[in-house]
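Trainee: I have a structure here, written as structure tokens, and I will follow up with some questions on it.
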Amino acid sequence: MPSANRLKPNTGLIFGITMGTAALAAIFFVLARGFLDLRTLRLIIAIAMTWTALQQLIFLFRIRNIQFLVPALTFLTLALANYAEWFEYDTARTVFASIFLPLVIGTLVLLAVNPLAFRSRRILELAARPVTGTEDGYTPRPYPAGDVQASKEEIIRFARDMKRKLIAFSLINRDRVLLAISDHDWKYVFNSRPNPQKTTYAAFDFEGNFSVHIAKKDYRRCREKLTFDELCSSLGHVFERFFDYHRIGEPERIIEELNHLKEKQSG
Amino acid sequence: MGEDAAGNGTGKTQGDFKTLAQLSTLLSKAFAEDFFRLLLAYQTISASEAASRLNLHIKTAQDFLEGLEKLGVVSRREVFEKKRPYFRYTLEQEILRIEFDLKRLRPDAVRSEQLEEILIREKKNAGAVFKTSPRTGALSAITFTTGKGRTRSERKISLTENQGRFLFHLPFPTEEPLSVRAIMDRTEIDSVYEREVMDMVRYLVEAGIVERR
């Protein structure tokens with residue numbers, strides 16, 4: 001079997017750290033230069049934290065994963081503490097500041113144990129691993145991956161579970177279910193009509209037929225030009241396996257398989 | 001134009017589709033009915049006489065009469081009465097009947113052996129974009145470009161439901177080709193749709209989207 005890491009390195013994290021560092025540097029710069037006073041900066045932080053808390057709550061309601069409540073409360077508390085500072089409500093400020101620390105610790109522990117992020121990259125890596133051919137042959141068509149003997153209710157339950165467990169974002173309509181995977185899964189929280197041409201997904205109709213589609217941008221993330229039909233077939237097998245785990249009442253095996261992949265990559 | 005057993009002009013067009021189209025084009029002109037009234041009233045008539053009588057440009061009248069002459073509806077003879085020779089036209093057919101069997105245009109029936117012999121798959125780097133229905137995921141259209149450079153143009157072909165189902169299961173560029181029959185069996189497409197499916201297969205082979213062995 002080919003070695004681990006069939007996908008190119010994830011530059012998103014590096015970008016995020018760079019932007020975060022730049023933002024901190026900018027804050028220190030404006031403070032040092034006196035362009036903004038600390039009080040105004042606190043108000044800006046409070047507004048930003050309010051927006052972030054709101055986002056977490058939207059994720060909570062859209063994804064139905066209660067774990068989002070922890071970061072939502074954390075950001076909300078931080079926002080309220082800064083508002084209290086702005087309005088000079090000393091008592092309120094003390095209260096919020098005091099409960100902020102436990103919430104932060106709770107959030108950090110939660111993120112360490114179970115990061116609140118979709119596992120799209122790992123799914124693609126899992127699909128790419130068994131592929132040996134490198135004939136390219138990319139096509140934007142969906143690949144008919146087979147069928148699952150399942151009722152509509154089973155398929156919908158599976159889809160909702162995939163979303164709740166942050167494995168794939170499920171979009172359910174009258175005729176089928178789409179499980180979208182992407183580095184930017186969060187966009188589906190706000191946009192429930194993704195462009196099928198630009199989305200990597202597994203689709204299940206309610207007669208049990210299922211197909212997969214790999215977007216070109218995700219195919220380009222492979223280190224080599226893997227034989228495309230093999231890659232699609234492999235992705236189909238991944239989702240077929242996940243569905244079987246779910247159906248036999250062992251959905252935790254899905255997370256185990258994805259976590260096991262992460263350990264292999266780190267090891 | 002056809003003739004009955006006595007050799008009289010029956011006015012029945014049994015030519016090819018092109019002849020039918022040409023006659024229909026002439027008859028559809030706004031002035032056609034008035035022109036035929038004139039042809040019935042006059043023993044012979046020239047293009048300039050008809051044009052002046054019907055208030056048409058002489059070229060228009062000339063083209064109309066020449067078109068009818070080619071189809072045998074009128075005959076003409078050259079006369080040398082005036083400064084320059086010209087043609088005078090006489091109506092030959094007083095009854096016009098248009099008959100064309102559309103079945104003559106029907107594509108050849110697909111032989112069963114053909115469906116098994118023709119192996120196809122999508123061509124590598126064909127550049128086609130397959131539109132899928134957001135609701136059902138079925139293939140509904142194909143868009144591709146034809147020509148090169150300045151003559152490059154985009155074509156969008158809408159697919160019938162059966163064509164969409166067929167193409168959904170078309171082997172990928174790196175898969176083993178499958179016969180048309182195998183794909184139709186896999187998608188459970190009824191044999192009455194064979195012509196429709198083969199029409200699209202032939203078209204896509206010509207367009208360079210599908211590869212045939």
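Each row is one residue, and each column tells you yes or no for (1) hydrophobic (A, V, I, L, M, F, W, C); (2) within 14 Å of chain B (Cβ to nearest Cβ); (3) in contact (Cβ under 8 Å) with a residue 40 or more places away in the chain.
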site	(1), (2), (3)
A:ILE63	yes, no, yes
A:GLU88	no, no, no
A:LEU101	yes, no, no
A:ILE105	yes, no, no
A:ALA117	yes, no, yes
A:ILE123	yes, no, yes
A:GLU135	no, yes, yes
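Trainee: Of the conditions (1) at pLDDT 90 or above; (2) farther than 24 Å from A:PRO140 by Cα, A:GLN265 clears all except one; give me its number.
Mentor: (1)
Trainee: Ok, one more. Can you confirm whether A:TYR219 is surrounded by fewer than 21 Cβ atoms within 10 Å (Cβ to Cβ) and out of contact with any Cys (no Cβ under 6 Å at 6 or more places or on another chain)?
Mentor: Values: surrounded by fewer than 21 Cβ atoms within 10 Å (Cβ to Cβ): yes; out of contact with any Cys (no Cβ under 6 Å at 6 or more places or on another chain): yes.
Yes; evaluated as a whole, the condition is true for this residue.
Trainee: It is to be established whether one or more residues within segment A:78-100 are of a type in the set (D, E, K, R), in contact with an Asp or Glu (Cβ under 9 Å, 6 or more places away or on another chain) and more than 26 Å from A:ALA117 (Cβ to Cβ).
Mentor: Yes, segment A:78-100 contains a residue that is of a type in the set (D, E, K, R), in contact with an Asp or Glu (Cβ under 9 Å, 6 or more places away or on another chain) and more than 26 Å from A:ALA117 (Cβ to Cβ).
Trainee: If A:ILE156 meets every condition in (1) buried (at least 19 other Cβ atoms within 10 Å of the Cβ); (2) at pLDDT 85 or above; (3) not acidic (Asp, Glu) apart from one, which number is that one?
Mentor: Among (1) buried (at least 19 other Cβ atoms within 10 Å of the Cβ); (2) at pLDDT 85 or above; (3) not acidic (Asp, Glu), A:ILE156 violates only (1).
Trainee: Also, quick follow-up: Please give the number of the condition A:ILE155 fails out of (1) away from chain B (no Cβ under 14 Å); (2) in a helix (DSSP H, G or I); (3) touching a helix residue (DSSP H, G or I) at 6+ places or on another chain (Cβ under 9 Å).
Mentor: (1)
Trainee: Name the single residue that is modelled with the lowest pLDDT among those in segment A:136-152 being out of contact with any helix residue (DSSP H, G or I) (no Cβ under 7 Å at 6 or more places or on another chain) and not in a loop (DSSP other than H, G, I, E, B).
Mentor: A:ASP147
Trainee: Does at least one position in segment A:145-163 carry a residue that is of a type outside the set (A, V, I, L, M), within 22 Å of B:PHE168 (Cα to Cα) and free of Cβ contacts under 8 Å to residues at least 40 places away in the same chain?
Mentor: Among the residues of segment A:145-163, not one is of a type outside the set (A, V, I, L, M), within 22 Å of B:PHE168 (Cα to Cα) and free of Cβ contacts under 8 Å to residues at least 40 places away in the same chain, which makes the answer no.
Trainee: Can you work out which of the residues in segment B:23-54 that are assigned to a loop (DSSP other than H, G, I, E, B) and not hydroxyl-bearing (Ser, Thr, Tyr) is surrounded by the fewest Cβ atoms within 10 Å (Cβ to Cβ)?
Mentor: Of all residues in segment B:23-54, those assigned to a loop (DSSP other than H, G, I, E, B) come to B:28-31, B:42-44.
So of that shortlist, the ones also not hydroxyl-bearing (Ser, Thr, Tyr) come out as B:29-31, B:43.
On the way: B:LYS29: 15, B:ALA30: 6, B:PHE31: 16, B:GLN43: 8.
By that ranking, first place goes to B:ALA30.
Trainee: Ok, one more. Any residue in segment A:121-135 that is assigned to a loop (DSSP other than H, G, I, E, B), buried (at least 20 other Cβ atoms within 10 Å of the Cβ), more than 20 Å from the chain's Cα centre (by Cα) and at pLDDT below 90?
Mentor: For segment A:121-135, residues assigned to a loop (DSSP other than H, G, I, E, B), buried (at least 20 other Cβ atoms within 10 Å of the Cβ), more than 20 Å from the chain's Cα centre (by Cα) and at pLDDT below 90: absent.
Trainee: Is it the case, given these coordinates, that A:ARG62 is touching an Asp or Glu at 6+ places or on another chain (Cβ under 7 Å) and surrounded by 15 or more Cβ atoms within 10 Å (Cβ to Cβ)?
Mentor: No.
Trainee: Spot the failing condition for A:THR199; the list is (1) surrounded by 16 or more Cβ atoms within 10 Å (Cβ to Cβ); (2) touching a residue at least 24 places away in the same chain (Cβ under 8 Å), and only one is missed.
Mentor: The failed condition is (2).
Trainee: Yes or no: A:ILE255 in contact (Cβ under 8 Å) with a residue 12 or more places away in the chain, surrounded by fewer than 18 Cβ atoms within 10 Å (Cβ to Cβ) and of a type in the set (Val, Ile, Thr)?
Mentor: Judged against the criteria, A:ILE255 is a match.
Trainee: While we're looking at this one, here's another question. Scan segment A:204-220 and report the pairs whose first residue is free of Cβ contacts under 8 Å to residues at least 60 places away in the same chain and within 11 Å of chain B (Cβ to nearest Cβ) and whose second residue is surrounded by fewer than 20 Cβ atoms within 10 Å (Cβ to Cβ) and of a type in the set (Val, Ile, Thr), with Cβ atoms within less than 8 Å and a gap of 6+ or a chain change.
Mentor: Once the first residue is free of Cβ contacts under 8 Å to residues at least 60 places away in the same chain and within 11 Å of chain B (Cβ to nearest Cβ) and sits in segment A:204-220, its partners that are surrounded by fewer than 20 Cβ atoms within 10 Å (Cβ to Cβ) and of a type in the set (Val, Ile, Thr) give A:PHE204/A:VAL148; A:ASP205/B:THR136.
Trainee: Determine which single condition B:LEU119 fails, assuming it passes every other condition in (1) modelled with pLDDT of 90 or more; (2) among the aliphatic types (A, V, I, L, M); (3) buried (at least 18 other Cβ atoms within 10 Å of the Cβ).
Mentor: Of everything listed in (1) modelled with pLDDT of 90 or more; (2) among the aliphatic types (A, V, I, L, M); (3) buried (at least 18 other Cβ atoms within 10 Å of the Cβ), B:LEU119 misses just condition (3).
Trainee: Within segment B:55-100, which residues are part of a loop (DSSP other than H, G, I, E, B), at pLDDT 95 or above and surrounded by 18 or more Cβ atoms within 10 Å (Cβ to Cβ)?
Mentor: Across segment B:55-100, the qualifying residue is only B:LEU56.
Trainee: For segment A:161-177, which positions are touching a Leu at 6+ places or on another chain (Cβ under 6 Å) and modelled with pLDDT of 90 or more?
Mentor: A:MET162
Trainee: Go through B:LEU40, B:LEU119, B:LEU115, B:LEU56 for me and flag whichever is closer than 26 Å to B:LEU20 by Cβ and touching a helix residue (DSSP H, G or I) at 6+ places or on another chain (Cβ under 9 Å).
Mentor: B:LEU56
The values are calculated or read from the model by the stated rules, or taken from the named source; none is laboratory data. Quick caveat: nothing in here was measured; it's all calculated off a predicted structure. In this analysis, Cβ positions are derived from the backbone assuming ideal geometry, glycine residues included, and neighbour counts consider all displayed protein chains.
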